[in-house]
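A.B. asks: What follows is a single structure, and I will ask about it in a moment.
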Amino acid sequence: MSDYLVYIVKPAFVLKSDLCNTADTSMVQPVKITSSSNNNIFCNNKIPITLSASGADIYKWSTHEDGASIKINTNGYFSVQGINLNGCSDTSATYINIQIAHSTQTVRICEGDSFNGHTTSGTYADTLKTATGCDSLKILNLIVETPYLFNEDHSICKGETYFWHGKSYSTANTYSANYKSVGGCDSTYTLNLKVYPIFNSTESYSICNGETYHWHGKNYSVPNTYTETYTTTKGCDSSFTLILHVNSVDTNILQNGNTLTATSNADTYQWVNCDNNFHPITGEVNQIFTASSNGSYAVILKQYNCIDTSTCFQITGTSIASFQNNSIASIYPNPIANELIIEMKRSSNQEITFEIFNAMGQVLETGHFKNRIIVRTSKFPVGVYLIKIKDGDIYYFNKVVKE
């Protein structure tokens, strides 16, 4: 129950019946309203308040009650009409003002602060004495607001930026943004930013003409720049670049009488006898070779770590003849794959023989035919090969490549 202060206002006026003679001793006495408090002050624990009337025989209250006294517990004007046995009446009125003597206060504080010694949320009541001696109840509704802490984890790839709370970030770190809540308490946002690497690599590789280079699941034989792009497990692009060089050995030969000169500035030279299955000629390892007897000669050159063999040159006396394949026979396809076709461009009544040599001068295949033959080459390794064709006393040479 709430505490109240009650004040009694003394009768403001008195009404008398006009029918009664003021000099007559039988008139009604002045009606008075009194309370149970001598000083007209009431505390909340004293209600209901008793109002009493005197000076008459019959009483009619403004609350529609009869009797010499009534009980009230609300504010307002209260009046009573007193009537004596002679029928004369008098009226008295008073104002009852019941004042609330307690208060309620709601306070918000931030976590870590205190109010009147309280640090946790709750309802607290304090009882005090008023100046009039009544109990006064103070109620405190305390609300402790916790700080707002938000944590975010994000990641980007190197070279990217992440926009967060009005700023852009590109470096791995922990970042904070502080704000005030509507209650004036701190709110902190934290960003844990990770930056994942990207992988960019460039490699340069050289192969010999006719070879292939296996790179990232594919075969390459043409000089060019190739790129493969992947996505890492973290979602970042990684780029790999191959710069492929294809080196060719210069196998051109110049003649001066019975002297053969390789035009290439090769690393090594080895002159061979084409008529003797490309057998190396002992001691002939220089750029210039002088034939001491008639025959067919070529040179095996090593340049850029590649090995290739020149066309064979036929020396008879002091003259040199170079026979080109496309003038006497057709050899195709070139590059070869699973088979090689040798087809003579002129009819011949005699049997024609052929030999196929690798770059080291080793014989891989021999045979004979009339005008046309198909040679199976599926088992040949990748590389450069020399075709030697013998038509009677005449020799023809040509190179083919298998990729």
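A.B. asks: So if I take the alpha carbon set of the range 136-202, get Rg, then get Rh from the Kirkwood formula, what is the Rg over Rh ratio? Kindly include the intermediate steps, with their values, before the conclusion.
C.D. replies: On the way: Rg = 19.9 Å, Rh = 14.9 Å.
We get a ratio of 1.33 for the range 136-202.
A.B. asks: Using a basic spin-label model with each label point 7 Å from the Cα along Cα→Cβ, how many nm lie between residue 239 and residue 118?
C.D. replies: Result: 6.6 nm between the two label points.
A.B. asks: Here is a further query. As an exercise, use a Förster radius of 30 Å and the Cβ-Cβ distance of residue 206 and residue 378 to find the FRET efficiency, rounded to the nearest 0.05. Could the numbers behind the result be given before it?
C.D. replies: Numbers: r = 27 Å, r/R0 = 0.91.
That pair, residue 206 with residue 378, gives E of 0.65.
A.B. asks: May I pose another question? Calculate the spin-label point distance for residue 394 paired with residue 343, positioning each point 7 Å from the Cα along the beta-carbon direction, and give it in nanometres.
C.D. replies: Between residue 343 and residue 394, the label points sit 1.9 nm apart.
A.B. asks: Further, regarding this structure: Give me the number: length gained by fully extending residue 330 to residue 180, i.e. 0.36 nm times residue separation minus the C-alpha to C-alpha distance, one decimal in nm.
C.D. replies: Details: separation 150, 0.36 × 150 = 54.00 nm, distance 9.02 nm.
Length gained, residue 330 through residue 180: 45.0 nm.
A.B. asks: Where both residues lie in the range 143-200, what percent of DSSP beta bridges are antiparallel, nearest 5? Numbers along the way, then the final one.
C.D. replies: On the way: 11 of 21 bridges.
Antiparallel bridges: around 50 percent, rounded to the nearest 5.
A.B. asks: Give, to the nearest whole percent, the P(r) tail of the range 171-325 beyond 19 angstrom, counting all Cα pairs.
C.D. replies: Working: 8302 of 11935 pairs.
Of all Cα-Cα pairs in the range 171-325, 70 percent lie more than 19 Å apart.
A.B. asks: Next question, about the same structure. On a 29 Å Cα-Cα criterion, which of the cross-link pairs 218/402; 60/138; 218/399; 370/399; 158/180; 345/402 come out too long? Don't skip to the end; give the middle numbers.
C.D. replies: Values: 218/402 17 Å; 60/138 40 Å; 218/399 26 Å; 370/399 21 Å; 158/180 33 Å; 345/402 23 Å.
Violating the 29 Å limit, Cα to Cα: 60/138; 158/180.
A.B. asks: Let me make sure I get this right: for the range 256-307, a, b and c are the square roots of the gyration tensor eigenvalues over alpha carbons, sorted descending. Under 1.5 in a/c it's rounded, otherwise prolate if a/b > b/c, else oblate. Which is it?
C.D. replies: On the way: a/c = 2.25, a/b = 1.41, b/c = 1.60.
Note, shape of the range 256-307 comes out oblate.
A.B. asks: To continue, here is another question. Once Rh is set to the Kirkwood radius over Cα pairs, what Stokes-Einstein translational diffusion coefficient, in µm²/s, holds for the range 49-123 at a temperature of 20 °C and a viscosity of 1.002 mPa s? The partial results should precede the final answer.
C.D. replies: Values: Rh = 16.2 Å.
The diffusion coefficient I find is 132 µm²/s.
A.B. asks: Describe numerically, in nm with one decimal, the distance between label points set 7 Å from Cα along Cα→Cβ at residue 155 and at residue 52.
C.D. replies: 9.0
A.B. asks: Here's something else I'd like to know. Residue 335: net charge of surrounding residues, Cβ under 13 Å, Lys/Arg +1, Asp/Glu -1, itself excluded? Can you show the working numbers first?
C.D. replies: Working: positive: 399, 402; negative: 211, 339, 403.
After counting each charged neighbour, the total is -1.
Readers should treat all values here as calculations from the given coordinates under stated rules, not as data from a laboratory. All values reported here derive from a predicted model rather than from experimental measurement. Positions of Cβ are generated from backbone atoms using ideal geometry, with glycine treated the same way; all protein chains shown enter the neighbour counts.
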